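Asker: Please read through the structure below; I'll follow up with questions.
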Amino acid sequence: MLAKEILNKLNSEVINSGNCFHCGLCEGLTDGLFKMKQTIKGPIPTLLRDANEGDQEDLKKIYLACPGRSIPYSFLQKKISSKQKSRFIGNYNNLYIASAIDESIRIKGSSGGVIRLMLLNLIKNKEVDYVIILDQDLKNPLINKPIITNSIRKINNVTQSVYETEPLLKIIKKLKKKKKYCLVALPEQIAAVRILKLYYKKQFQNIKFLIGLYSGTNMYQGALKFYLKKNGVSKLNQIKKLDWRYGEWPGSLRIKTSKKEFLIKKFYYNYLIPLYISKNCLLTPDLSSELSDISVGDAWSPKLEKSGYGYSLVISRSLYFDNFIKKLLAKKKISIKKVSHNFAVGLHAHMIDFKKVGSFIRINLLNNFNFPRYDYNLHGITNKRIFIEKIILIIINLSSSNLGRIIFRIMPESFLGFIFEKTRSIWKYFSKSIKREGLKKVRFSSIENLRVKELKLL
Ligand SMILES: Cc1cc2nc3c(=O)[nH]c(=O)nc-3n(C[C@H](O)[C@H](O)[C@H](O)COP(=O)(O)OP(=O)(O)OC[C@H]3O[C@@H](n4cnc5c(N)ncnc54)[C@H](O)[C@@H]3O)c2cc1C
Ligand code: SF4
């Protein structure tokens, strides 16, 4: 295909039809063809000039790896040599509950501080030259940007989870051929880079390791601004410090302005999710970065949550990271407890259902054939489960409408937080049996769709 043809296809299948997953590859892989621009629907690639033949190879790679075109998970999983199979959390070798032992690392972490611990050790042991991470702009904490660094100080103080769509992969253009990198990214970004690593081995072998985050829901950039305006902060340059998960696990959103400090519990600010939820997280079935080398999420067990200490669920999918974790253990840098597959799935049963079953129903309910289609079919979805999904979609549509946002703006903060925390518990309680039973009954079958055929040809 010629450059212009590929560009037209990318535009019609993904960008113009609202299926961009905001990964940033469009900017990261081309030479000044695209720039990721923030819009009310997240960062979207904007064309800066006409495509020419010099762009052809870059566009081919983007078209192949673009997560907005869907990721053929079943097919790609077979190319990764993890020992155990799982449709729910992706194939894996070992599952752990883990925390960094060094208090100063753990307390800064979003959950157990495991990611910053691994990054610090990868750099100190010279396993990689640099890490690629998302970090806050120190001068303007509302801005996040990808950085390439080997600074121990920067890694130690890297931002906690940023619940905003950020085009991390735009930084890929800055990588050097002869250096080794470790990338920390969200599921769809990990999947895109995995495709590049599998099909353009030589060019992307410098991205040595992929550390994937769990990612259930994410929000467009307006969420924080909405919160600040609601709380009387109209000048955004007044923000001096911002932490998404401040203090003991699960942490609070802390915003410091020159005059005031806002502290809102994690489960309280969840009320922002339906108002600003990003479309890509409604459509992807990947919660746990299934194509990573190692994935990290919160260990959401009621017992652990009460302890407040900060625990991560860690999925090692590669022999390298099995050994790496063992070495950290031997050096008394990490505390770990091996857990079973059922236990790990149980920690995120609701979100796994939201992704694996929910995204599938949502794609069908929205009934738009432009939406991504994954390379598996689901069997055994009950009518009750479809009904629940319809309610979720109605809530999201109402809350994210202009009227919905106005109503949320008028309602008192403490009331909203309280209602959302309670609704979360009640909703989880009532939908638990339908969802858990549903997860047990649901069956997956792989299908060979266009995406698989395309990859098979390479
Ligand atoms: C948008 C989002 C949604 C999430 N949803 C869930 C969920 O549903 N369930 C769950 O169990 N866990 C979820 N997580 C993961 C969880 O919040 C923690 O990041 C994870 O447990 C790792 O904790 P840690 O203490 O080891 O990480 P830390 O040591 O605190 O390291 C955090 C790392 O994450 C990177 N990072 C932060 N935000 C982003 C971002 N937006 N994009 C790319 N990199 C980023 C930082 O650069 C840093 O390297 C989510 C994270 C994000 C960013
Ligand atoms: S998902 Fe990534 S590759 Fe696809 S259009 Fe968006 S930025 Fe480009």
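Asker: Place +1 on the Cβ of every Lys and Arg and -1 on the Cβ of every Asp and Glu in the chain, take the dipole about the Cα centre, and give the residue among LEU458, SER425, SER99 whose Cα lies farthest towards its positive end.
Answerer: Farthest towards the positive end: SER99.
Asker: Continuing with the same structure: If the viscosity is 0.890 mPa s and the temperature 25 °C, what translational diffusion coefficient in µm²/s does Stokes-Einstein give for the range 350-456 when Rh comes from Kirkwood over Cα pairs?
Answerer: 153 µm²/s
Asker: Return the calculated 222 nm mean residue ellipticity for the chain, to the nearest 500 deg cm²/dmol, obtained by summing -39500 (n - 2.57) across DSSP H runs with n ≥ 4 and dividing by the residue count.
Answerer: Dividing the helical sum by the residues of the chain leaves -11500 deg cm²/dmol.
Asker: Under 5 Å between amide hydrogens, which residues at least 5 positions from TYR376 or on another chain qualify, with H placed 1.01 Å from N in the peptide plane?
Answerer: So TYR376 has HN proximity to ILE447.
Asker: Can you pull the one-decimal nm distance between simple spin-label points at LYS83 and LYS240, each 7 Å off the Cα toward Cβ?
Answerer: Placing both labels 7 Å along Cα→Cβ, they lie 5.3 nm apart.
Asker: Separate question: Rounded to the nearest 0.05, what FRET efficiency do LYS145 and ILE426 give with R0 = 45 Å and r taken as the Cβ-Cβ distance? Could you check?
Answerer: With R0 = 45 Å, the Cβ-Cβ based efficiency is 0.70.
Asker: Using the basic label-point model (7 angstrom from Cα toward the beta carbon), what is the LYS337 to LYS201 distance in nanometres?
Answerer: Taking the simple label geometry, LYS337 and LYS201 are separated by 4.2 nm.
Asker: Can you sort HIS350, HIS379, HIS22 by how many other beta carbons sit within 10 Å, fewest first?
Answerer: Starting with the residue having the fewest Cβ neighbours, the order is HIS379, HIS350, HIS22.
Asker: Among ASN270, PHE321, THR39, whose Cα lies farthest out toward the positive end of the dipole of the chain, if unit charges sit on the beta carbon of Lys, Arg (+1) and Asp, Glu (-1)?
Answerer: Sorting the options by dipole projection puts first PHE321.
Asker: Expressed in nm to one decimal, what extension gain is obtained for the pair SER17 and ARG405 from 0.36 nm per residue of sequence separation less their Cα-Cα distance?
Answerer: Full-extension gain reported as 137.2 nm.
Asker: Can you work out ³J(HN,Hα) from phi for every residue in the range 115-123, in order, using Karplus 6.51 cos²θ - 1.76 cosθ + 1.60 and θ = phi - 60°, giving whole Hz and x for Gly and Pro?
Answerer: Residue by residue, the range 115-123 yields 5, 5, 4, 5, 4, 4, 6, 4, 6 Hz.
Asker: Let me ask something additional. Could you give the radius of gyration (one decimal) and Dmax (whole number) of the Cα atoms in the range 3-69, in Å?
Answerer: Expressed in Å, the Cα Rg and Dmax of the range 3-69 come to 10.6, 32.
Asker: Hey, another quick one. Would you mind checking LYS303/LYS332; LYS179/LYS202; LYS108/LYS422 for any pair whose Cα atoms are more than 18 angstrom apart?
Answerer: Long pairs (Cα-Cα over 18 Å): LYS303/LYS332; LYS108/LYS422.
Asker: Using a simple charge model, +1 on the beta-carbon of Lys and Arg, -1 on the beta-carbon of Asp and Glu, nothing else, what dipole does the chain show about its Cα centre, in debye to the nearest 20?
Answerer: Here the chain has a charge dipole of around 940 debye.
Asker: Does a label point 7 Å from the Cα of LYS177, set along Cα-to-beta-carbon, have any residues of the range 1-38 with amide nitrogen under 18 Å, and which are they?
Answerer: 29-31
Asker: List every residue whose amide H lies under 5 Å from the amide H of ASN91, counting only residues 5 or more places away in sequence or on a different chain, with H placed 1.01 Å from N in the peptide plane.
Answerer: It is SER86, by chain and number.
Asker: I've got another one for you. At 37 °C and 0.692 mPa s, grab the translational diffusion coefficient of the chain from Stokes-Einstein with a Kirkwood Rh over Cα pairs, rounded to a whole number in µm² per second.
Answerer: It diffuses with D of about 145 µm²/s by this estimate.
Asker: Right, another one. Among 308-316, 30-38, how do they line up from the highest to the lowest mean number of other beta-carbon atoms within 10 Å?
Answerer: Packing order, densest peptide first, comes out as 308-316, 30-38.
Asker: Could you calculate the contour length gain from ARG254 to LYS154, that is, 0.36 nm times the residue separation minus the distance between their Cα atoms, to one decimal place in nm?
Answerer: 34.0 nm
Asker: For each pair in LYS145/LYS306; LYS225/LYS355; LYS83/LYS326; LYS266/LYS338, compute the distance between the two Cα atoms and list the pairs where it is over 25 Å.
Answerer: LYS145/LYS306; LYS225/LYS355; LYS266/LYS338
Asker: For the range 222-237, just list the computed ³J(HN,Hα) in residue order, Karplus coefficients 6.51, -1.76 and 1.60, θ = phi - 60°, integers in Hz, with x standing in for Gly and Pro.
Answerer: 3J(HN,Hα) across the range 222-237, in whole Hz: x, 4, 5, 4, 4, 4, 5, 4, 4, 9, x, 9, 9, 8, 5, 6.
Asker: Among SER301, ILE80, ILE211, flag the residue with its Cα farthest along the positive direction of the charge dipole of the chain, charges on Cβ as +1 for Lys/Arg and -1 for Asp/Glu.
Answerer: Highest projection toward the positive end goes to SER301.
The numbers here are math on the coordinates, done by the rules we state, and not lab data. Given the structure is predicted, the values throughout are model-derived calculations rather than measurements. Backbone-built Cβ (ideal geometry, glycine too); neighbour counts: all protein chains shown.
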